[in-house]
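First the structure, in the form of structure tokens, and then the observations on it.
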Amino acid sequence: MIKTLTKHGNSLALVIEKPVLELIGADADTPFDISTDGQVLILSPVKNAGRRKAFKAALDKVNTRYPKALKKLAE
């Protein structure tokens, strides 16, 4: 699907059709996490902010506690 941006005040907006929103389980009140790798824009619906925060905290704890083991696993 190819989309074009729509003027929205002084900004541009990307309109997402209802079938796509239903497919990802999002609606007008769903917050989205927007990220990029410098060339690709990634929109991810945030389902549960508390769960995401807890996962990040656990990930940070593991990375802090076991950096050498994780580095060896990566190699």
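Points to keep in mind about this one:
- By the rule of a C-alpha distance below 27 Å, with chain neighbours fewer than 8 residues away ignored, the lysines paired with residue 72 are 53, 56, 61.
- Scattering profile of the chain at q = 0.12, 0.14, 0.15, 0.22 Å⁻¹ [log10 I(q)/I(0), Debye over alpha-carbon scatterers]: -0.57, -0.71, -0.77, -1.13
- For the chain, accessible area per residue (1.4 Å probe, heavy atoms of protein chains only), Å²: 94 Å²
- Accessible area of the chain belonging to carbon and sulfur atoms, whole % at 1.4 Å probe: 60 percent
- Using C-alpha pairs below 8 Å separated by at least 6 residues, the relative contact order for the chain is 14 percent.
- Other residues within the sphere of radius under 12 Å centred on the Cβ of residue 54, judged by their own Cβ, net out at +4 (K and R +1, D and E -1).
- Cβ-Cβ FRET estimate between residue 74 and residue 49, R0 fixed at 30 Å, reported to 0.05: 0.55
The values are calculated or read from the model by the stated rules, or taken from the named source; none is laboratory data. Source: prediction; values computed, not measured. Neighbour counts are summed over all protein chains in view; Cβ atoms, including those assigned to glycine, are modelled from backbone coordinates with ideal geometry. These area figures cover heavy atoms from the full protein model, side chains too; ligands, DNA and RNA do not enter into them. Shrake-Rupley method; radii C 1.70, N 1.55, O 1.52, S 1.80 Å.
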